[in-house]
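> Starting off with a structure, shown below.
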Amino acid sequence: MSDDAGTVGTPGPDDATAIPVGDAYDVVVGHDVLDRVPGLLRAGVLRVLVVSSPAVETYASGVAGALAAHGLQVHRAEVPDAETAKSADVLVRLWSQLGQAGFTRSDAVVCVGGGTVTDLGGFVAASWLRGVDVVHVPTTLLAMVDAAVGGKTGINTPEGKNLVGSFHEPRGVVCDLTTLATLPRAHLAAGLAEVVKGGFIADPRILELVEASPEAALDVHGAVLRELVERKIRVKADVVAADLRESSLREILNYGHTFGHAVEQVESYRWRHGDAVSVGMVFAAELACAAGLLDRSVVERHRRVLTSVGLPTSYADGRWPDLLTAMSRDKKSRGATLRFVALTGVGSPTRLEGPREEWLRAAYDAVSAGRGATRP
Ligand SMILES: NC(=O)c1ccc[n+]([C@@H]2O[C@H](COP(=O)([O-])OP(=O)(O)OC[C@H]3O[C@@H](n4cnc5c(N)ncnc54)[C@H](O)[C@@H]3O)[C@@H](O)[C@H]2O)c1
């Protein structure tokens with residue numbers, strides 16, 4: 001937790017887990033824990049802007065009510081659904097709202113929603129008066145285990161996704177697993193791709209839990225999903241605490257993302273991010289296998305685990321030139337050299353730079369061969 005004097009409320013008597021991100025802040029995980037939000041704000045805060053999307057109105061109202069009950073002046077901003085929220089127009093509208101309501105340095109923003117809302121609201125908080133406090137209340141699995149943790153914020157521009165943004169650590173994160181009950185199953189599975197990624201790069205127990213019962217892994221009321229969420233948050237928290245600005249260690253979180261981002265671009269962002277990362281992990285595993293780094297049994301384990309929770313593991317054939325162009329443009333490649341996170345085993349990531357063309361082709365052939373895959 002932060003070291004400044006006091007908070008607005010006190011922790012509730014629930015069974016929530018608090019996962020520290022270094023000594024910067026905690027990620028609280030549990031059921032029915034929305035009333036934990038006021039306790040994460042610093043003492044002295046007067047105004048709070050609650051940013052949310054239409055799909056999570058009930059949860060945003062609950063959070064707003066809890067804040068008002070602590071005597072705070074609550075302002076509400078409903079932003080458009082999904083990626084349309086992450087635009088300069090919406091950002092300017094929120095800045096105006098903060099200005100008209102007289103938000104000062106000691107006031108705060110609370111984001112309730114998926115990764116699009118936490119990215120947008122986080123950037124509003126990062127940029128208003130050069131930075132005010134933000135608390136994230138992620139309501140998708142992807143946002144709980146990924147977007148809301150780590151301090152990356154941003155919006156899209158007509159030229160591309162996430163091109164404008166900044167690092168701005170939240171003051172705290174509250175993951176209320178109860179909110180996942182209304183999340184469509186396809187979005188739940190997409191979030192699980194990021195959880196499984198945590199299993200392959202750092203925590204094999206995640207893979208064992210999914211393998212033991214894929215159904216339990218998708219049950220938002222059960223103990224298994226909760227353990228998976230907590231484990232994946234710990235993986236991310238440990239990495240970002242050690243490496244707050246994206247550089248070498250943090251790079252391992254991009255496992256599956258080089259090919260995954262290319263799929264997203266080629267599909268004009270009609271694929272869910274988690275679905276693209278799922279195929280991207282299989283590609284990365286095939287690539288590592290072709291390069292002689294990874295055993296085939298681990299490649300097949302990727303396919304089994306991801307398929308068991310309904311995630312795609314193959315992609316249409318005939319798209320290699322487009323994918324290669326997209327990968328070369330990826331902001332994480334340096335110059336003309338393609339860079340991948342690869343595994344030498346489960347929990348053992350390494351970097352693969354400038355892989356041979358024949359390895360890349362072999363990996364693509366393996367994810368596309370005879371499958372002609374489309375989004376599930
Ligand atoms: N900052 C980071 O480190 C980081 C990491 C990963 C992804 N991201 C960003 O996150 C975004 C994707 O996040 P996402 O997958 O959460 O998408 P999203 O925010 O678009 O949410 C997906 C859909 O689910 C709806 N929804 C959200 N919570 C719900 C609930 N509890 N019940 C019913 N519906 C609900 C949303 O309204 C939306 O339609 C992308 O913009 C991506 O760039 C950021």
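> Which value, in Å², gives the accessible area per residue of the chain when a 1.4 Å probe is used on the protein heavy atoms?
Value for the chain: 38 Å² per residue.
> Another one. Kindly rank 77-84, 302-309 from highest to lowest mean number of other beta carbons found within 10 Å of each residue.
Going from most to least packed, we get 302-309, 77-84.
> Separate question: Counting only DSSP beta bridges with both residues in region 19-89, what percent are antiparallel, rounded to the nearest 5?
Just about 35 percent of them are antiparallel.
> Taking a ≥ b ≥ c as the square roots of the Cα gyration tensor eigenvalues, with a/c under 1.5 meaning rounded and otherwise prolate when a/b beats b/c, else oblate, which class fits region 43-98?
oblate
> Once you keep just the Cα pairs under 8 angstrom separated by 6 or more residues, what percentage relative contact order results for region 185-368?
26 percent
> Continuing with this model, one more query. How tilted is helix 88-100 with respect to the longest principal axis of the chain? Cα atoms for both, answer in degrees (0 to 90, nearest 10).
That works out to roughly 20 degrees.
> Then there's this: To check you understand DSSP bridge types, tell me what percent of the beta bridges within the chain (both residues inside) are antiparallel, rounded to 5.
Looking only at bridges with both residues in the chain, the antiparallel portion is about 45 percent.
> Looking at the calculated P(r) for the chain, what percent of the C-alpha pair distances fall above 35 Å?
Value for the chain (Cα pairs over 35 Å): 23 percent.
> Could you compute how fast region 185-368 diffuses translationally, taking Rh as the Kirkwood radius over C-alpha pairs and applying Stokes-Einstein at 20 °C with viscosity 1.002 mPa s? Give it in µm² per second.
The estimated diffusion coefficient comes to 132 µm²/s.
> Expressed in nm to one decimal, what extension gain is obtained for the pair Arg205 and Asp243 from 0.36 nm per residue of sequence separation less their Cα-Cα distance?
My answer for the length gained is 11.3 nm.
> Pick out which of Val346, Val282, Val137 has the largest mean-square fluctuation in a Gaussian network model of the chain, springs linking Cα atoms closer than 10 Å.
Top of the fluctuation ranking is Val346.
> Something else now. What's the angle, to the nearest 10 degrees (0 to 90), between helix 357-368's Cα axis and the longest principal axis of the chain?
Tilt of helix 357-368: around 70 degrees.
> Of the lysine pairs in the chain, how many meet both conditions: Cα atoms under 12 Å apart, and a spacing of 8 or more in sequence or different chains?
Lysine pairs meeting both conditions in the chain amount to 4.
> Starting with the highest mean, order 172-180, 62-70 by the number of other Cβ atoms within 10 Å, averaged over the residues of each peptide.
172-180, 62-70
> Over the chain, calculate the relative contact order: mean separation of alpha carbon pairs under 8 Å at least 6 apart, over the residue count, as a percent.
Once normalised by length, the contact order is 13 percent.
> Counting only protein heavy atoms and a 1.4 Å probe, tell me what percentage of region 17-71's accessible area is made up of carbon and sulfur.
After summing per-atom areas, the C and S share lands at 55 percent.
> Same structure again: With a 1.4 Å probe and all protein chains left in place, how much of the accessible area of region 112-151 comes from carbon and sulfur atoms, in whole percent?
Result for region 112-151: 53 percent of the exposed heavy-atom area is carbon or sulfur.
> With all protein chains present, how much of the accessible area of region 185-368 (probe radius 1.4 Å) comes from carbon and sulfur, to the nearest whole percent?
Here it works out to 49 percent.
> Can you compute the FRET efficiency between Arg270 and Ala43 using 1/(1 + (r/R0)^6), with r the Cβ-Cβ distance and R0 = 35 Å? Round to the nearest 0.05.
After rounding to 0.05, the efficiency reads 0.15.
> On to the next question. Compute the distance in nm between two label points, each set 7 Å from the Cα along the Cα-to-Cβ direction, one at Asn162 and one at Arg105.
3.1 nm
> Nearest 10 degrees, 0 to 90: what angle lies between the long axis of helix 185-201 and the longest principal axis of the chain (Cα atoms)?
Taking the Cα atoms of the chain, the angle to 185-201 is about 70 degrees.
> Loop-only check: which trypsin sites (Lys or Arg not before Pro) in region 85-118 are DSSP coil with at most 16 other Cβ within 10 angstrom?
Arg105
The values are calculated or read from the model by the stated rules, or taken from the named source; none is laboratory data. Bear in mind the structure is a predicted one, so any value in this text is a computation, not a measurement. Neighbour counts run over all protein chains shown; Cβ positions are idealised from the backbone, glycine included. Heads up: the accessible areas ignore ligands, DNA and RNA and are worked out on the full protein's heavy atoms, side chains in. Shrake-Rupley method; radii C 1.70, N 1.55, O 1.52, S 1.80 Å.
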